[in-house]
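Data first, discussion second: the structure below is written as C-alpha cells.
The values are calculated or read from the model by the stated rules, or taken from the named source; none is laboratory data. None of these values were measured; they are calculated from a predicted model. Here the Cβ is made from the backbone with ideal geometry for all residues, glycine too, and neighbour counts use every protein chain on show. Note: accessible area is taken over every heavy atom of the protein model, side chains too, but ligands, DNA and RNA are not part of it. Shrake-Rupley method; radii C 1.70, N 1.55, O 1.52, S 1.80 Å.
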2 protein chains.
Amino acid sequence: MSILVVGSVAFDDITSPSGGVKNILGGAATYFSLAASYFTQVRVVAVVGEDFGPEQEKVFQKRGVDTRGIEHARGKSFHWGGTYSHNLNEAKTDFTHLNVFEHFHPRIPREYDDTEFLFLANIQPTLQANVRRSMNGVRFTGCDTMNYWIQGTPKELAETLKLVDVLLINDTETKMLAGESNLPRAAHKVLALGPQALVIKHGEYGATIFFREGAFGIGHHPFRAPALPIEEVKDPTGAGDSFAGGFMGYLAAQEEVSREVLKRALFYGGVMGSFAVERFGTERLQSLTREEIDARFQVFRELTHLE
Amino acid sequence: MSILVVGSVAFDDITSPSGGVKNILGGAATYFSLAASYFTQVRVVAVVGEDFGPEQEKVFQKRGVDTRGIEHARGKSFHWGGTYSHNLNEAKTDFTHLNVFEHFHPRIPREYDDTEFLFLANIQPTLQANVRRSMNGVRFTGCDTMNYWIQGTPKELAETLKLVDVLLINDTETKMLAGESNLPRAAHKVLALGPQALVIKHGEYGATIFFREGAFGIGHHPFRAPALPIEEVKDPTGAGDSFAGGFMGYLAAQEEVSREVLKRALFYGGVMGSFAVERFGTERLQSLTREEIDARFQVFRELTHLE
C-alpha cells in the first residue's frame, strides 16, 4: 500500500554539542518519507525553490520515493536554523525563512488518486483538511500539528481533527490542546475531538498510544513503547517526523490496522526516531537496511519484555 | 528474607491541586516500609519525636513492620511542608524542620544483626556508609541520595557508593552525579563509581535499570519498565520511596538476585509508586492487597508487551 505525505521539504542549519552543519536537506516530509520508505511506497506533496536540485532529488530517488508531487517554485526553499544545547530536548530557533513555503497550497497529482494512507505533516490546519477532503480513496489518515496552530487557529484545527484517524503529537501539545495538565485525562479529551487514536511522543522516554473506546477492537488500556537510551545523540531534528514515518509506513504495509498492528507500529516509530538522531540531518535514514531496523525492533522489544 | 531500611520517619503538610493535608505520617523510611511490607518482613531504623504516638505506630504494626529500630527522642519529629502545582512533577518546599532528625545517628538493634537486605534511604552519606559497614551479614544493599549530598558531600558519597549494590536515583541526580548530560553515558559513569546496577527513576515515564558489565549474569542492555499513565494523581510525595520499597521488597523475597529478578523488581517498583500517588500520604499503601498489586503488575506488563 502506498502512503502520501504532505508537508515541508526544507534546508536546515543545525548546531548541536556534536558540531554544526549548514544547508542540509530537512523538513518534516523529507524525514517522514525516508523513514516510511523502508516499509512501503511513499509519495510526497511539497513545494521547493530553485535551490532544490538533482543532489536533493537523488536522496528521495535512492529510497524509491515518488517525488512527482513536489512542486518547484520560483525563489528559495524553506530554510530553518536551530541550535541544541546540552539539553538536547529542545531547539532554539535561530531563524525561520518560509520562502516558497509561505504560499504552499498542496496540489495532489492525479497519479496519487489511489492513495489509501495519508499523513498530514505539520502545516496550517485548513490546508490539512482540504487535502483530506480532496482524496476520496484515503481510508486511514495520520496527522501532526504544533503549538502555533493549537493556540493560533483552534477552530480550524478542530475541523481538521474530525477528519483524522490518528493524531501524533508530544506531551506539551496534548496538554495544550486539551487544556488539561494530567496526561491521560488530556488524552481522552483530545480523542473526543475526533481521532480514533492518539499517539503521544515522549522523546527519549518513548511514546504512548491512547485508543478511543471501541476503536480498533476491544480494550481500553493505552499502550506504551519505550525508546532506546541512546549514547550518541548528534542531532534531534526530525526525530518526531521519523517516528511518524516509521509508524505510518509500517501501518500502510499491513493488511489491516488492528490494535495489535498499531502497537507494533508504535515500536517501529520509536526505532526510526532513534536512528534519525544518531547523525546530522537525514544521513542515517538514507543508508539503513530493513535488517538493521528489525534488529533494533528486537532490542526495543527486549528492553521492556519480561521472560 | 527480611529487609532493613534506614531513613526518615516524618510528619508532612502537603498541598496539591487535589487538596491539602496537615501533620500526616510521611518520611522516606515510612513509604519504603509500607511498600516493601507486601513482599517481605521489614525492619526500620529511624528517629522520631514525642509527637509520634500510638496512632503512627499502628500504621507500621498493621503491616507487620518491625519498629524496634525506631528511636524515640525528646523533641519533635522531622516535619516537612510542600506544595505541588498543576505540574505535579516537582514540589515547592514550604518548610523543613529537621527537629530530632538533625542529630540522627542510626543505631542498629542487636536483633537486626541477621539482616541480609539493606536499604539506605536518603540521609547523609557517611551515616549510610557507617550503617553498611556495621552490618556484616548484609549481602545486598540498595541506596538513595539527592542533589544536596551530590553537590555538598561528593567525597563522602563516593565512599558510600563503593559499598552499595544498587543505587536508585532520578534523571537529574544521575546527570549531576556523573557530570554528563547524556543519560546512558551518565549511567555508565555512575556504575564506574561502585554500584553493580543503577536504577534511574523517570517519574511518570517509569524507570530504567543499567547493569555494570558482567554483573548479574550475561548481557549489556539496560531494561526499562514503564509507569502506568494515572488519571488521579493526588499527591506525588513518597512515590520514589514507594518505588524503592516495591523494588527492594520484591528482591528480598526471591531466592537469588538475578538479572531477570531485577527486571521484575523494576516493574514492582513502578507498581508501588503508582499506588502511592493515588491518595494523600501513605493512605493507599496502608490498605492494599497482594492481589491488587499483582493485578497492576499485569496491567504494567501488558502496557508494553507485544503479543
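So here's what we get for this one:
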{"quantity": "Of all residues in the stretch B:216-229 being among the aliphatic types (A, V, I, L, M) and open to solvent by less than 20 Å² (accessible area, probe 1.4 Å), the one that is nearest to B:L266 (Cα to Cα)", "calculated": "B:A225"}
{"quantity": "Residues of the stretch B:1-37 satisfying the condition of being outside any strand (DSSP E or B) and open to solvent by 30 Å² or more (accessible area, probe 1.4 Å)", "calculated": "B:M1, B:P17, B:S18"}
{"quantity": "Scan of the stretch A:160-184 for residues that are assigned to a helix (DSSP H, G or I) and surrounded by fewer than 16 Cβ atoms within 10 Å (Cβ to Cβ), ordered by number", "calculated": "A:T172"}
{"quantity": "Some residue of the stretch A:241-249 being within 9 Å of chain B (Cβ to nearest Cβ) and open to solvent by less than 10 Å² (accessible area, probe 1.4 Å)", "calculated": "no"}
{"quantity": "Evaluation of A:S258 against (1) touching a Gly at 6+ places or on another chain (Cβ under 9 Å); (2) modelled with pLDDT of 95 or more (one fails), failing number", "calculated": "(2)"}
{"quantity": "Verdict on B:E291 being in a helix (DSSP H, G or I), surrounded by fewer than 22 Cβ atoms within 10 Å (Cβ to Cβ), out of contact with any Ser or Thr (no Cβ under 6 Å at 6 or more places or on another chain) and at pLDDT 95 or above", "calculated": "yes"}
{"quantity": "Scope the stretch B:32-87; condition within 14 Å of chain A (Cβ to nearest Cβ) and either under 16 Å from B:L288 (Cα atoms) or among the small types (G, A, S) (or both); matching residues", "calculated": "B:S85"}
{"quantity": "Flag for A:V257 being touching a Phe, Trp or Tyr at 6+ places or on another chain (Cβ under 9 Å), closer than 20 Å to A:S37 by Cα and open to solvent by 10 Å² or more (accessible area, probe 1.4 Å)", "calculated": "yes"}
{"quantity": "Candidates A:E213, A:E232, filtered to the one that is acidic (D, E), open to solvent by 10 Å² or more (accessible area, probe 1.4 Å) and more than 14 Å from chain B (Cβ to nearest Cβ)", "calculated": "A:E213"}
{"quantity": "Residue that is nearest to the other protein chains (Cβ to nearest Cβ), among those in the stretch B:264-281 that are outside any helix (DSSP H, G or I), open to solvent by 10 Å² or more (accessible area, probe 1.4 Å) and not aliphatic (A, V, I, L, M)", "calculated": "B:E278"}
{"quantity": "Residue list for the stretch A:38-65, restricted to those being part of a strand (DSSP E or B) and surrounded by fewer than 19 Cβ atoms within 10 Å (Cβ to Cβ)", "calculated": "A:Q41"}
{"quantity": "Single residue of the stretch B:294-307 satisfying the filter (out of contact with any helix residue (DSSP H, G or I) (no Cβ under 8 Å at 6 or more places or on another chain) and open to solvent by less than 70 Å² (accessible area, probe 1.4 Å)) that is nearest to the other protein chains (Cβ to nearest Cβ)", "calculated": "B:L303"}
{"quantity": "All positions within the stretch A:248-263 that are over 19 Å from A:F60 (Cα atoms) and assigned to a helix (DSSP H, G or I)", "calculated": "A:L251, A:R259, A:E260, A:V261, A:L262, A:K263"}
{"quantity": "Residues satisfying the stated conditions in the stretch A:152-207, i.e. touching a Lys or Arg at 6+ places or on another chain (Cβ under 8 Å) and among the β-branched types (V, I, T)", "calculated": "A:T160, A:V164, A:I169"}
{"quantity": "Residues located in the stretch B:129-153, provided they are among the charged types (D, E, K, R) and not in a helix (DSSP H, G or I)", "calculated": "B:R139, B:D144"}
{"quantity": "Subset of the stretch B:250-288 [more than 28 Å from B:Q196 (Cβ to Cβ) and either without any contact (Cβ under 8 Å) to a residue 24 or more places away in the chain or of a type in the set (D, E, K, R) (or both)]", "calculated": "B:E278, B:R279, B:E283, B:R284, B:S287"}
{"quantity": "Selection from the stretch B:138-196 of residues that are aliphatic (A, V, I, L, M), touching a strand residue (DSSP E or B) at 6+ places or on another chain (Cβ under 6 Å) and more than 14 Å from chain A (Cβ to nearest Cβ)", "calculated": "B:V138, B:V164, B:V166, B:L167, B:L168"}
{"quantity": "Condition met for A:Y84 (touching a residue at least 24 places away in the same chain (Cβ under 8 Å) and within 15 Å of the chain's Cα centre (by Cα))", "calculated": "no"}
{"quantity": "Any hit, the stretch A:35-46, residues being β-branched (V, I, T) and over 16 Å from the mean Cα position of the chain (by Cα)", "calculated": "no"}
{"quantity": "Filter result for A:E204 (at pLDDT below 95, in a helix (DSSP H, G or I) and of a type in the set (D, E))", "calculated": "yes"}
{"quantity": "Selection status of B:H97, in contact with a Gly (Cβ under 9 Å, 6 or more places away or on another chain) and modelled with pLDDT of 95 or more", "calculated": "yes"}
{"quantity": "Matching residues in the stretch B:216-229 - criterion: being within 22 Å of the chain's Cα centre (by Cα), farther than 11 Å from B:K263 by Cα and within 7 Å of chain A (Cβ to nearest Cβ)", "calculated": "B:P226, B:P229"}
{"quantity": "Hey, A:G75 touching a residue at least 24 places away in the same chain (Cβ under 8 Å) and either among the aliphatic types (A, V, I, L, M) or not in a strand (DSSP E or B) (or both) or not", "calculated": "yes"}
{"quantity": "Scan of the stretch B:90-123 for residues that are assigned to a loop (DSSP other than H, G, I, E, B) and either touching a His at 6+ places or on another chain (Cβ under 6 Å) or open to solvent by less than 50 Å² (accessible area, probe 1.4 Å) (or both), ordered by number", "calculated": "B:F104, B:P106, B:I108, B:P109, B:T115, B:A121, B:N122, B:I123"}
{"quantity": "Every residue from the stretch A:185-204 that is over 20 Å from A:E159 (Cβ atoms), touching a residue at least 12 places away in the same chain (Cβ under 8 Å) and open to solvent by 10 Å² or more (accessible area, probe 1.4 Å)", "calculated": "A:H188, A:K201, A:H202, A:G203, A:E204"}
